[in-house]
Structures are given as C-alpha cells and as structure tokens.
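A short write-up of the structure that comes next.
The values are calculated or read from the model by the stated rules, or taken from the named source; none is laboratory data. From a predicted model like this one, the values you see are computed outputs, not experimental measurements. Every residue, glycine among them, receives a Cβ derived from its backbone with ideal geometry; neighbour counts consider all protein chains shown.
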Amino acid sequence: MSHVWLIETQPERIDNHGCQNASGACCRRLSSPSPNLAFVTEDKQLSRIAALLRQAEGTDNAHEAEAFMAAAQRLATATSIDLAVARAHSAKRDAQARPTQRTITIGEAGTRGLRTYVNLFALIAGANDVTCDVASNSTYVYAYGFAEDIDAVHALYASLVVQMVRASDAYISSGAHRPTPTITARLNFQLAFGTRVGQRLTDARQEARAEAVKTEKRGTGTELVLRDKDIELRDFYKGASMARGQWRAVSAQAGYSSHARRAGDRAGRRAKLGASPELAGARTALDKN
C-alpha cells in the first residue's frame, strides 16, 4: 500500500464557492464548465463501468463476478489513460483537465470501523492514481487526483464498504472467531478484506496499462503520457497537501488474528463490485464536497 498521510482534524468552513478548514487548506469546488468532448466521453465510460459493476453484483457465479470486476477496473484505467492522452495532445486545458482536491466524508466521529473504512478507500485510491490525506480521527480524507479517477474510486468504495461490513458481520455472527475478542476479529477481517480487494484492483490496473501501451495508436506516446501524468499528480500533491505525519490503519497495541485475516482475505477474493440501488440505504456516509 502506498503511503497515506495524516491531517489534523479541524472544523471546516463551507460556503457556496468552496470549503476551507481552520488551517487554511483549500479543497476547491469548481464551477461547471461548458461540456467538451473529452468529458462527454468520460460520462459514457462511467456509465459503462457502472453497468459492469451491476453485472458483477447480480451474478452468483464467483468466476463471472471476478471477470466483471476486473473488466470494470480495466475500463476505469483505460478511460483514465484515454483522457490523459487527450489532455497531453490538447493545446488548451481548462480547470477540469487538471488535478483537483476533493473532500470525502467517511463517517461521523466515533463510528465503529472508521480506520478500516479509510484503509479500504486508500487501497482503492492507490489502484486508481489517487493520493489521500487522512484526518487524525479518520472521519474524512482529502483525495488528490484527476476528477475521473476520484469518481471511479468513489463508485468502487461505495459498493465495497457495504460488502466488507456485511461479510465481517456474518463472520462475527457465525462465532468462528472465538475465542478471539470480537473487536480484534472484526479489525483483522476488514484489514485483510481491504488488502485483497486492493491487490485485485491493482492487478487489473496494471494489466490495463500494459495493454494500452502495447496497443497504442502510432504517435500517442501512451507510456510517456502516463509518466507525465504521474509527475503532474506528484507535483500537484506536493503543492496542495498540508499533511503532517503518516496515517496508519492500526495501532501498535491492536491484536492479531490469523483466522480472521484468512476469513477476510477469502471474502475479499469473493467481493463483487457494484452500485445497485438496494445498497444505497445501507451505505456509510460518503459525501463529495
């Protein structure tokens, strides 16, 4: 997992034009620009991704679900690559074609499981060219990246966090974790779930990137474009982030359970990615500001 940095938790001031916390860190809301071809294409691709995710969630066949999940991540990566190439060959870049910072609310202070929720979000983000800073109480993160990548992370997380909670609740209810304390078992289960899902998404992303470079059209320079994108994201994060210290999903005092880790890993292997309507009511707080 890539490094995730810590930001101090402070009340945020929000108005119609943007949000700013007490330290002055800015997470801008951009006014809606006139649509252009690149972002119409992005909307179409996001619709296709959502359709693949619904198919993954709608099948009881684990192999089919895996195939749909991988296809969704590859399409998300391919869309990101296509837009990066389009940006590189465009003489005019508007604000929407540049990296941005977005605030993602994970949950209310004191909610059980916030650290493992953030861990899951960060692992999904790492597979989609998004860097995160985490509030010291894990209630929200700042996501840094291109809008299409943050949107993809948002969609994936919204489905997976529900699946993670349901799977861990079922594991705890079965009593299979005993005599390990419930809090320790739940923590280890959810950490392993996130690690496995993150690895699956990373594998699909790497496959999609390799395929894009292999099949690129003459003159597009996909590999160079991706390298330039990485540099631009790194520079943007360096200039925008005000984080101090490194965030960790678990403390040194947290207990360990190999049984719960194995169970969480198995659940992560079986996880389906989707955004079906029946999940909406059960989702954790997840706001885009």
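The lone criterion from (1) over 28 Å from ILE106 (Cα atoms); (2) touching a Ser or Thr at 6+ places or on another chain (Cβ under 7 Å) left unmet by ARG205 is number (1). Take the residues of the stretch 152-209 that are surrounded by fewer than 17 Cβ atoms within 10 Å (Cβ to Cβ) and among the basic types (Lys, Arg): which is farthest from TYR256 (Cα to Cα)? Among those that are surrounded by fewer than 17 Cβ atoms within 10 Å (Cβ to Cβ) and among the basic types (Lys, Arg), it is ARG166.
Counting only residues that are part of a helix (DSSP H, G or I), over 30 Å from ILE183 (Cα atoms) and not hydroxyl-bearing (Ser, Thr, Tyr), how many does the stretch 224-270 have? Show your work before the answer.
Filtering the stretch 224-270 down to residues part of a helix (DSSP H, G or I) leaves 224-240, 258-270.
If we keep only those that are over 30 Å from ILE183 (Cα atoms) too, we end up with 224-240.
Still in the running and not hydroxyl-bearing (Ser, Thr, Tyr): 224-236, 238-240.
Going through the stretch 224-270 one residue at a time, the tally reaches 16.
State whether one or more residues within the stretch 247-263 are basic (Lys, Arg), at pLDDT 85 or above and over 18 Å from the mean Cα position of the chain (by Cα). Checked the stretch 247-263: at least one residue is basic (Lys, Arg), at pLDDT 85 or above and over 18 Å from the mean Cα position of the chain (by Cα). Within the stretch 213-240, the set of residues being at pLDDT 75 or above and either of a type in the set (Asp, Glu) or touching a His at 6+ places or on another chain (Cβ under 9 Å) (or both) comprises GLU223, VAL225, ASP228, ASP230, GLU232, ASP235. Contact map, the stretch 151-170: first residue without any contact (Cβ under 8 Å) to a residue 60 or more places away in the chain, second residue buried (at least 20 other Cβ atoms within 10 Å of the Cβ), Cβ cut-off under 6 Å, separation 6 or more or different chains; pairs are VAL153/ILE124; VAL153/ALA125; VAL153/ASN128; VAL153/VAL130. Taking every residue in the stretch 255-274 that is over 14 Å from SER168 (Cα atoms) and pairing it with any residue that is in a loop (DSSP other than H, G, I, E, B) and modelled with pLDDT of 90 or more, at least 6 positions away or on another chain, the pairs with Cβ-Cβ distances below 9 Å are GLY255/THR180; GLY255/PRO181. Whenever a residue of the stretch 189-203 is under 17 Å from LEU114 (Cα atoms) and in contact (Cβ under 8 Å) with a residue 12 or more places away in the chain, its partners that are β-branched (Val, Ile, Thr) and crowded, with 24+ Cβ neighbours inside 10 Å, lying with C-beta atoms within less than 7 angstrom and at least six residues away or across chains, give the pairs GLN190/THR116; LEU191/THR116; GLY194/THR116. Of all the listed residues (ALA158, ALA176), the sole one being assigned to a loop (DSSP other than H, G, I, E, B) and of a type outside the set (Phe, Trp, Tyr) is ALA176.
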